[in-house]
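Have a look at the structure below, then the notes.
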Amino acid sequence: QTMIEETAMTVHNRISFFLMLFVFGAFAGLGLAQEGGEEKKQDEPTEETIEALKESTAAMAKARSDTDIIYFAKQIVERLKGGDERSQEKAIDTMAKGLKVKSEDTKKVIVELLGKTGHRASKHLLAEAKRSKKDVSYLCDCLKAAGNVHDPKAWKDILGYLNHKDNVVISTAIVAMGSYADEETKVRQEIVKELLKTYNSVASAANKSN
């Protein structure tokens, strides 16, 4: 073997090893031995808290500068739990409009903030991920945020990235699955089944290269 071939094999093995670690890390997060975590009790929304969220949403809709967009997006995150379902959905959809700005830095902040909201944000985050094929770092930010909102209808879309050509994207998708620890057992079992396929694929590739 040439030095280049040996170096390539070493790099491949290291990547394979770290991907395996990510797989097991996701397994630990999924906690299959448990029957899901206990739901935290939340205070019921009041007219005042709902109105406060609506005010932030309206302000976000009118915001034009990146500074204002970020400010009101943060305010929405802080007030989101005080809203009812309808006002929460509108708030999240309005926040997502911040992804249309030109500044990449601002878009990354909005992605991170959307990851602190709720299930509805997943459709915006996954759509943004599809649009960012060339920017791996931003794509991974979107996947991570989508995992954080752990929408039970979105995990299959995240798992679709296990077939991505970039190992960083694959590992990010795997780690994102760890956020589904509180889902029902059936869903967690399906996730682990898919993760095992990835692990077996990586392990097989690593063995062939030795």
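Counting residues in region 66-89 that are at pLDDT below 95 and either at positive phi or open to solvent by 100 Å² or more (accessible area, probe 1.4 Å) (or both) gives zero.
Which one of these is part of a loop (DSSP other than H, G, I, E, B), open to solvent by 70 Å² or more (accessible area, probe 1.4 Å), out of contact with any helix residue (DSSP H, G or I) (no Cβ under 6 Å at 6 or more places or on another chain) and not hydroxyl-bearing (Ser, Thr, Tyr): 105, 182?
Details: 105 fails: part of a loop (DSSP other than H, G, I, E, B).
It is 182.
Of the residues making up region 127-142, those that are at pLDDT 95 or above and in contact with a Leu (Cβ under 8 Å, 6 or more places away or on another chain) are 128, 129, 142.
Each row is one residue, and each column tells you yes or no for (1) surrounded by fewer than 19 Cβ atoms within 10 Å (Cβ to Cβ); (2) among the aromatic types (Phe, Trp, Tyr); (3) without any contact (Cβ under 8 Å) to a residue 60 or more places away in the chain.
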{"residue": "93", "(1), (2), (3)": "yes, no, yes"}
{"residue": "101", "(1), (2), (3)": "yes, no, yes"}
{"residue": "152", "(1), (2), (3)": "yes, no, yes"}
{"residue": "158", "(1), (2), (3)": "no, no, yes"}
{"residue": "163", "(1), (2), (3)": "yes, no, yes"}
{"residue": "178", "(1), (2), (3)": "no, no, no"}
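Among the residues of region 147-169, those identified as part of a loop (DSSP other than H, G, I, E, B) and within 18 Å of residue 136 (Cβ to Cβ) are 164, 165, 166.
The values are calculated or read from the model by the stated rules, or taken from the named source; none is laboratory data. Keep in mind that what you see is a predicted model, and the values were worked out from it rather than measured. Heads up, the Cβs are rebuilt from the backbone with ideal geometry, glycines too, and the neighbour counts pull from every protein chain shown. Only protein heavy atoms, including side chains, enter the accessible area calculation; ligands, DNA and RNA are left aside. Shrake-Rupley method; radii C 1.70, N 1.55, O 1.52, S 1.80 Å.
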